[in-house]
1. Are there any pairs, at least 6 apart or on different chains, whose C-beta atoms fall under 8 Å, with the first in region 247-262 and free of Cβ contacts under 8 Å to residues at least 12 places away in the same chain and the second outside any helix (DSSP H, G or I) and not polar (S, T, N, Q), and if so, which?
2. For region 114-138, which positions are touching a residue at least 40 places away in the same chain (Cβ under 8 Å) and either out of contact with any strand residue (DSSP E or B) (no Cβ under 9 Å at 6 or more places or on another chain) or closer than 13 Å to residue 263 by Cβ (or both)?
3. Test of understanding: among 202, 206, 181, which residue is open to solvent by less than 70 Å² (accessible area, probe 1.4 Å) and among the charged types (D, E, K, R)?
4. Can you say whether residue 176 is over 24 Å from residue 81 (Cα atoms), touching a residue at least 12 places away in the same chain (Cβ under 8 Å) and either out of contact with any strand residue (DSSP E or B) (no Cβ under 8 Å at 6 or more places or on another chain) or open to solvent by 10 Å² or more (accessible area, probe 1.4 Å) (or both), as far as the supplied structure shows?
5. Just give me the residues in region 287-329 being more than 12 Å from residue 265 (Cβ to Cβ) and among the polar types (S, T, N, Q), in sequence order.
6. Does residue 297 satisfy the criteria of being of a type in the set (A, V, I, L, M, F, W, C) and either crowded, with 24+ Cβ neighbours inside 10 Å or in contact with a helix residue (DSSP H, G or I) (Cβ under 6 Å, 6 or more places away or on another chain) (or both)?
7. What single numbered condition from (1) in contact with a Phe, Trp or Tyr (Cβ under 8 Å, 6 or more places away or on another chain); (2) closer than 27 Å to residue 22 by Cβ; (3) outside any strand (DSSP E or B) fails to hold for residue 146?
8. All but one of (1) closer than 24 Å to residue 84 by Cβ; (2) in contact with a helix residue (DSSP H, G or I) (Cβ under 9 Å, 6 or more places away or on another chain); (3) at pLDDT 95 or above; (4) surrounded by fewer than 23 Cβ atoms within 10 Å (Cβ to Cβ) hold for residue 195; state the number of the condition that does not hold.
Amino acid sequence: MDRNSGHNSAYRHLYPAISPFDQRMMDMPGGHSIYVEQCGNPTGIPVVVLHGGPGGGCSPAMRRYFDPQAFRVVLFDQRGCGRSRPFASVNDNTTQDLIADIERIREALGIDRWVVFGGSWGATLSLLYAQAHANRAAYLVLRGVFLMTQAELKWFYGGGAGKFFPDLWQRFIELIPDDEREDLIAAYQRRLFCGNLMEETRHAQRWAGWENALAAMDSAGHVGVGNGSYARAFARLENHYFANAGFLRCDDQIIKDMPEIAHIPGTVVQGRYDMICPPVAAHRLCEAWPRGELRMVPMAGHALSEPGISAELTRATRAIARTPELHGF
């Protein structure tokens, strides 16, 4: 949803558009080749940007949340999406693979510690990466918190959010027979991986459309999902991760492991009316995180493009740029 929700309304809060000073493909285990780019100041404060989805890919607008004079911004497309290859592949594509990829990128770029910036699934991955490599994450900036729990999946794919958007919910479930609607993630999985490209794309567009329609408060139920190729990669990867409970060892793993990163400071930006990742997750996270500051945006939903969300995120990165010595750089 981060890529397709649009950024026009947020532009006034962002830094000017910039181009990468470095672009490369990095070969990873399992036959994956990952697109990586660097922008801003090569000697600036390093920050890695983790996009949403899984399967959303990074976009040029994501570069603009950082002062290009102050930050060395690293963006990459996670396995199977964006410019990474093989496209839409779920083979050797797990949370543990992504965490290992982040470390390989850090080492290849010669970075000791960095800011970790992520929204939605990117926030999930940021937390899991920091918990696995607490000595490498200097500061976390998170948006639209998703803790990868069964309760959150049930909310979005079990009818909770559908009670607020019954017309859009009906559109999401109408392709699925009545006797399969008790587990829509499994029902969609059978169709997203059926081997028929047309059927996979058709169901992928419905999957992505349901999420995209609820991303921003001003979307007015718009279900545009971009081209079929993007929707297919996005839906297949997201469904793959959700069907496997994020490849976590237990439900609520992130909260249980918060003591591992209790010493790391961070900012959590959350839309009060986020229908995809309800605010209770961000609230729970910050209750378990002594150095996590929750900034609840009153009139905002989930999307990175929400003006209030963008304003708070750039405010957070400006504060980091002003006081890097506080975070061990």
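The values are calculated or read from the model by the stated rules, or taken from the named source; none is laboratory data. It should be emphasised that the depicted structure is a prediction, and the values quoted were computed from it without experimental measurement. Don't worry about glycine lacking a Cβ; one is built from the backbone with ideal geometry, like all the others, and counts go over all protein chains shown. Side chains are part of the model used for accessible areas, which takes the heavy atoms of the whole protein and leaves out ligands, DNA and RNA. Shrake-Rupley method; radii C 1.70, N 1.55, O 1.52, S 1.80 Å.
1. 256/250
2. 128, 130, 131, 134, 137, 138 - these are the residues of region 114-138 that are touching a residue at least 40 places away in the same chain (Cβ under 8 Å) and either out of contact with any strand residue (DSSP E or B) (no Cβ under 9 Å at 6 or more places or on another chain) or closer than 13 Å to residue 263 by Cβ (or both).
3. That would be 206, the only listed residue that is open to solvent by less than 70 Å² (accessible area, probe 1.4 Å) and among the charged types (D, E, K, R).
4. Spelling it out, residue 176 is indeed over 24 Å from residue 81 (Cα atoms), touching a residue at least 12 places away in the same chain (Cβ under 8 Å) and either out of contact with any strand residue (DSSP E or B) (no Cβ under 8 Å at 6 or more places or on another chain) or open to solvent by 10 Å² or more (accessible area, probe 1.4 Å) (or both).
5. If the condition is that a residue be more than 12 Å from residue 265 (Cβ to Cβ) and among the polar types (S, T, N, Q), then 305, 310, 314, 317 are the ones that fit.
6. Taking the combined requirement at face value, the residue satisfies it.
7. (2)
8. Among (1) closer than 24 Å to residue 84 by Cβ; (2) in contact with a helix residue (DSSP H, G or I) (Cβ under 9 Å, 6 or more places away or on another chain); (3) at pLDDT 95 or above; (4) surrounded by fewer than 23 Cβ atoms within 10 Å (Cβ to Cβ), residue 195 violates only (2).
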